[in-house]
1. Out of Val194, Val190, report the one residue that is modelled with pLDDT of 95 or more, closer than 28 Å to Trp242 by Cβ and in contact with a helix residue (DSSP H, G or I) (Cβ under 7 Å, 6 or more places away or on another chain).
2. Got a sec? Which of Glu161, Glu156, Glu140, Glu144 is open to solvent by less than 40 Å² (accessible area, probe 1.4 Å) and more than 26 Å from Gln23 (Cα to Cα)?
3. Since Asp228 meets every condition but one in (1) under 19 Å from Thr29 (Cα atoms); (2) touching a Lys or Arg at 6+ places or on another chain (Cβ under 8 Å); (3) open to solvent by 10 Å² or more (accessible area, probe 1.4 Å), which condition does it not meet?
4. Name every residue in segment 249-287 that is more than 22 Å from Glu28 (Cβ to Cβ), open to solvent by 50 Å² or more (accessible area, probe 1.4 Å) and part of a loop (DSSP other than H, G, I, E, B), in order of residue number.
5. Only one of these is assigned to a helix (DSSP H, G or I) and modelled with pLDDT of 95 or more: Val185, Val212. Name it.
6. Can you tell me which condition Ala197 does not meet? The list is (1) in contact with a strand residue (DSSP E or B) (Cβ under 9 Å, 6 or more places away or on another chain); (2) open to solvent by less than 10 Å² (accessible area, probe 1.4 Å); (3) not basic (Lys, Arg), and all the others hold.
Amino acid sequence: MTTLGIVALDAADYALAREWDCQNMLLETHRELETFAHSGKHPNTLEVWTATATGVGPTEHGLESTGEQQQWRNPVLEYASTVTPYILPKDVRIRLGTWLRGDSDGDGDVGMTLRQTSHSHLFQPDGHVVRWWPGVTPGEHLSETWHWLNLASSGEITDDELWRRLYGNAGLEAGWLQGMGQTTVAVAGVHMHVLDAAGHAFATRLDRLREVYERVDRLLGSVREQVDELLVLSDHGMQVEWIDGDTEPGFHSWRALASTTLADDPPESVFGVREWVEARVDAGDVGDGSGNERRPAVMDTTEEQLRDLGYLE
């Protein structure tokens, strides 16, 4: 069984990856990936990643960015959030939401998740699995990142604490994909958000941003060792102070990237990713069908033993 790992590497900028020779972001074949903007003048994370998974734009996949990309876990708070846009400015809503959540990791009744599409997508077939992908999963890690950035900007957590949390999440994301490389799945996709946070934070600080790129590139190297084949994608890049033509440092650029270890050219557009992956599964380049069987779990420990151990009620 050959597993194709897909890393949705948010905000990985093709020009910066080339400038800093990030060999695990830029695999055997690579190119700049065509992306798009819909609700604003810059590519939007939720709109683009949902389009990447579904192969269609926001008007079809249903997640147009209205500025309210998240939803509360708590139904009372979620209902209140549908009313507050009409009575409170956005900056007030952000401060109120940050206060309600406190310094939490996003769990519990005051946590938030991303809205999810009802459109068919790349990860629905048996043998295709996904974790943390915006628009397809609740994407709690992304909601956490935005919350932590708000806490850091208001001085409620230190810069060191912010980056411990961001790198911690990056390790969880990479580790999950490494684990999937040991199983019988055909396609495994995961979203990583640390480069986007770094791009917004260090758009005028070359040394700091390069350090994050190099660390993430090393992390991808460890993933590369554990997954048969790899496809790395981004939804956009990041404008920076030192690239000619970047007039808005800290805003999203159009320099998305696509790279792969497969002996083929990577997708040309975010809208072509789903078709590109499905074609290679159909051709047998990845997967062999063994991951699609619904086999019962086999355990030597009996149900009675599990109950005695307290694992079953």
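1. Values: Val190 fails: closer than 28 Å to Trp242 by Cβ.
Only one candidate qualifies: Val194.
2. Details: Glu161 fails: open to solvent by less than 40 Å² (accessible area, probe 1.4 Å); Glu156 fails: open to solvent by less than 40 Å² (accessible area, probe 1.4 Å); Glu140 fails: open to solvent by less than 40 Å² (accessible area, probe 1.4 Å).
Step by step, each of Glu161, Glu156, Glu140, Glu144 is checked, and only Glu144 is open to solvent by less than 40 Å² (accessible area, probe 1.4 Å) and more than 26 Å from Gln23 (Cα to Cα).
3. Of the numbered conditions (1) under 19 Å from Thr29 (Cα atoms); (2) touching a Lys or Arg at 6+ places or on another chain (Cβ under 8 Å); (3) open to solvent by 10 Å² or more (accessible area, probe 1.4 Å), the odd one out for Asp228 is (2).
4. The first filter runs over segment 249-287 and keeps only residues more than 22 Å from Glu28 (Cβ to Cβ), leaving 249-254, 271.
After this cut, where a residue has to be open to solvent by 50 Å² or more (accessible area, probe 1.4 Å) as well, the list is 249, 251, 254, 271.
Within segment 249-287, Pro249, Phe251, Trp254 meet the criteria.
5. Details: Val185 fails: assigned to a helix (DSSP H, G or I).
Every option except Val212 fails the conditions.
6. Every listed condition holds for Ala197 apart from (1).
The values are calculated or read from the model by the stated rules, or taken from the named source; none is laboratory data. Keep in mind the model is a prediction, meaning the values are calculated, not measured. Please note: Cβ atoms are built from the backbone with ideal geometry, for glycine as well, and neighbour counts cover all protein chains shown. With ligands, DNA and RNA removed, areas are computed over all heavy atoms of the protein, side chains included. Shrake-Rupley method; radii C 1.70, N 1.55, O 1.52, S 1.80 Å.
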